[in-house]
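The values are calculated or read from the model by the stated rules, or taken from the named source; none is laboratory data. All of these numbers come straight from a predicted model, not from anything done at the bench. FYI the Cβ positions are ideal-geometry reconstructions off the backbone, even for glycines, and counts take in every protein chain you see. These area figures cover heavy atoms from the full protein model, side chains too; ligands, DNA and RNA do not enter into them. Shrake-Rupley method; radii C 1.70, N 1.55, O 1.52, S 1.80 Å.
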Amino acid sequence: MAHTNESVVSEFVLLGLSNSWELQLFFFAIFSLVYVTSVLGNIMIIVIISSDSHLNSPMYFLLGNLSFIDICQSNFATPKMLMDFFVEHKTISFEGCMAQIFLLHSFVGSEMLLLVAMAYDRFIAICRPLHYSTIMNRSLCIIFVFISWAVGILHSISHLAFTVDLPFCGPNEVNSFFCDLPLVIELACMDTYEMEIMTLTNSGLISLGCFLALVISYTIILVTVRHRSSSGSSKALSTLTAHITVVILFFGPCIYFYIWPFSRLSVDKFLSVFYTVCTPLLNPIIYSLRNEDVKSAMRRLRNHHVNSWKN
């Protein structure tokens, strides 16, 4: 990640969320709680899915991988943000800034594709139930996970390849708590219009493409469920509600950022907080704690450990 001789900026200054010491303490308390809950919650999901044979299905395999991505997303910027609440001069090295951009777009791109894979899993389960076990096998799930990571990483590299060699020779203040790609591009000592359009096209197309694929698949599923009247359909509808809620909350801020990516408002900082800090908490809360199978698995795991302790 070496930058060119024209780039004299060796570090960036992060302006953070607020200059008020009282507000920063308040944010530290709130976001620390969210961060710890998110990481522990997603770790718990992975442990439960890995240890319970009743959850040995494609849906829960993909859910476990989603939890892993959420753990990664929780750690790319949040720990530094929490430490920076106690630092007056918040800085990040050039290399650290580029690393944050790379990690964010890798994790977000991977999660988008994984959500599409989870929608496909629900589509097959509800619309073609007799063929489910044949189509949704472990090999296909592994391929889905591999593709999601490959696309996420390639998507991120395509951004970084152009950003890392931009000439940064003057302004170095990033008006956020992490290195947000559009805000970093604005600091380059050159006309960045073409770069902005490229960024908008790259991220906008993958976000909009995945979102449209999800909307179409869930629309077909909902129409199918509506024409059925059984307990199985009721359970399917409950699962779909959780999926659709996560999709809306995940893609909403993302699409917003790439509709007005280079004309930022003060509220965008707090949308960034929701996107990077709060989104990883959606998985354990919406997908899992409302899921009867997961709650049953949690009880079995707890009873197993209680009985082992008693013996």
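Numbers below:
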quantity: Heavy atoms of PHE250 accessible to a 1.4 Å probe, total area in Å² rounded to 10; calculated: 0
quantity: No Cys partner within the rule (Cβ under 4.7 Å), the chain; calculated: CYS72, CYS127, CYS141, CYS210, CYS254, CYS278
quantity: Charge dipole (the chain, unit charges on Cβ, about Cα centre) - positive-most of MET198, ALA99, PHE270; calculated: PHE270
quantity: Mean projection area, nm², convex hull over Cα of the chain; calculated: 18.7
quantity: Within the range 11-293: Cβ-based charge dipole about Cα centre, in debye rounded to nearest 20 (Lys, Arg +1; Asp, Glu -1); calculated: 1280
quantity: Cα gyration tensor, the range 95-225 - rounded (a/c under 1.5), prolate or oblate; calculated: prolate
quantity: Sequence of SER133, SER74 when ordered by accessible area, the most exposed leading, probe 1.4 angstrom; calculated: SER133, SER74
quantity: Backbone HN-Hα couplings from phi across the range 44-53 [Karplus 6.51/-1.76/1.60, Hz, Gly and Pro as x]; calculated: 4, 4, 4, 5, 5, 5, 6, 9, 10, 5
quantity: From phi via Karplus (6.51, -1.76, 1.60), per-residue ³J(HN,Hα) for the range 61-68 in Hz, x at Gly/Pro; calculated: 4, 5, 5, x, 5, 5, 4, 5
quantity: For the range 117-127, Karplus couplings with θ = phi - 60° (6.51, -1.76, 1.60), whole Hz, Gly/Pro x; calculated: 5, 5, 5, 5, 4, 5, 4, 5, 4, 9, 8
quantity: Sequence-distant residues sharing a close amide H with LYS90 (under 5 Å, placed H); calculated: LEU14
quantity: With every protein chain in place, the range 11-293: carbon and sulfur % of accessible area (1.4 Å); calculated: 69
quantity: Where the chain is the region considered: accessible area per residue in Å², 1.4 Å probe; calculated: 48
quantity: Linear extension gain, GLU95 paired with LEU23, 0.36 nm per residue minus alpha-carbon span; calculated: 23.0 nm
quantity: Built amide H within the under 5 Å cut-off of GLU11, gap 5+; calculated: PHE94
